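A.B. asks: Take a look at the following structure, please.
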Amino acid sequence: MAGAAAAVLVAAGAITYAVAEDGGSGTATPSADSADAGFARDMAVHHQQAVEMSFIVRDRTKDEEVRRLAYDIAQTQANQRGMLLGWLDLWELPKVSAEPPMTWMGMGGMASGKDGALMPGMATNTELKKLGSLNGRQAEVFYLQLMTDHHKGGIHMAEGCVAKCTVGVEKRLAQGMVEAQQSEVRLMSDMLRERGAEPRS
């Protein structure tokens, strides 16, 4: 299973690098309130938390399967986050907005931001603190549950970009995120089952 997961993640990384090399020339520069800019801003924030959670669990367990998954998620999402922020720089657009997250999807009121959960799927500050207090099997299960929720929220946002974004290179990156994270959700479900647990939702 780990080998299959690695193959999927490598393929996702290859898609990402191919997208990064795609020109996107001839496309009009998006506006600050566009879906393209909103997705880039929001997904950069969303990805940053996934990276943070992955580094936390890496230090809380010796299980190679979980550590490998966490490393792959951290590397993939850190790379994609850099691309998203780079596009905002290229477009000369701000990396923060006065509007609530997901406004570009027409869902600005979806998350209250309570306890640090700025968007659906994001862990709260309390949950992050709890993850950092667990060890071994408990840390593995809680990480897999948190990351499953996180991916489901990310998939929803990426599907929103596929539907609403106008920059082809960004739409393709978003579609790659949907496919890779759906695969990882299935993998994490199997990993939870192996540990006598199941996703929270």
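The values are calculated or read from the model by the stated rules, or taken from the named source; none is laboratory data. Please read these numbers as outputs of a predicted model, since none were measured by experiment. Here the Cβ is made from the backbone with ideal geometry for all residues, glycine too, and neighbour counts use every protein chain on show. For accessibility, only protein heavy atoms count, side chains too; no ligands or nucleic acids. Shrake-Rupley method; radii C 1.70, N 1.55, O 1.52, S 1.80 Å.
A.B. asks: Name the residue farthest towards the positive end of the dipole of the stretch 128-201 from the options 133, 158, 187, assuming +1 on Cβ of Lys and Arg, -1 on Cβ of Asp and Glu, about the Cα centre.
C.D. replies: Highest projection toward the positive end goes to 133.
A.B. asks: Mind checking the per residue accessible area of the chain for me, 1.4 Å probe, whole number of Å²?
C.D. replies: On the way: 9470 Å² over 201 residues.
Here the residues of the chain average 47 Å² of exposed surface.
A.B. asks: Residue-wise, which Karplus ³J(HN,Hα) couplings in Hz belong to the stretch 174-188, taking 6.51 cos²θ - 1.76 cosθ + 1.60, θ = phi - 60°, and x for glycine or proline?
C.D. replies: 3J(HN,Hα) across the stretch 174-188, in whole Hz: 4, 5, x, 5, 4, 5, 5, 6, 4, 5, 5, 4, 5, 4, 5.
A.B. asks: In deg cm²/dmol and to the nearest 500, what is the mean residue ellipticity at 222 nm of the chain if only DSSP H runs of at least 4 residues count, each as -39500 (n - 2.57), divided by the residue total? Please report the intermediate quantities before stating the final value.
C.D. replies: Details: 6 runs with 134 residues, N = 201.
That calculation yields -23500 deg cm²/dmol at 222 nm.
A.B. asks: For each pair in 114/164; 129/164; 129/171; 95/129; 129/152; 62/152, compute the distance between the two Cα atoms and list the pairs where it is over 32 Å.
C.D. replies: Cα-Cα > 32 Å for 129/164; 129/171; rest within.
A.B. asks: Go ahead and set up a Gaussian network model of the chain, Cα springs under 10 Å, then flag whichever of 181, 75, 49 fluctuates most.
C.D. replies: Of the options given, 75 has the highest mean-square fluctuation.
A.B. asks: Provide, for q = 0.10, 0.12, 0.15 Å⁻¹, the log10 of I(q)/I(0) from a solvent-free Debye sum over equal Cα point scatterers in the chain.
C.D. replies: Rounded to two decimals, the profile gives -0.40, -0.58, -0.89.
A.B. asks: Still on this structure, I have one more. For the stretch 69-176, what is the per residue volume of the convex hull drawn over the alpha-carbon atoms, in cubic angstrom?
C.D. replies: So the per-residue Cα hull volume is 112 Å³.
A.B. asks: Report, to the nearest whole %, how much of the accessible area of the chain belongs to carbon and sulfur atoms, 1.4 Å probe, protein only.
C.D. replies: 53
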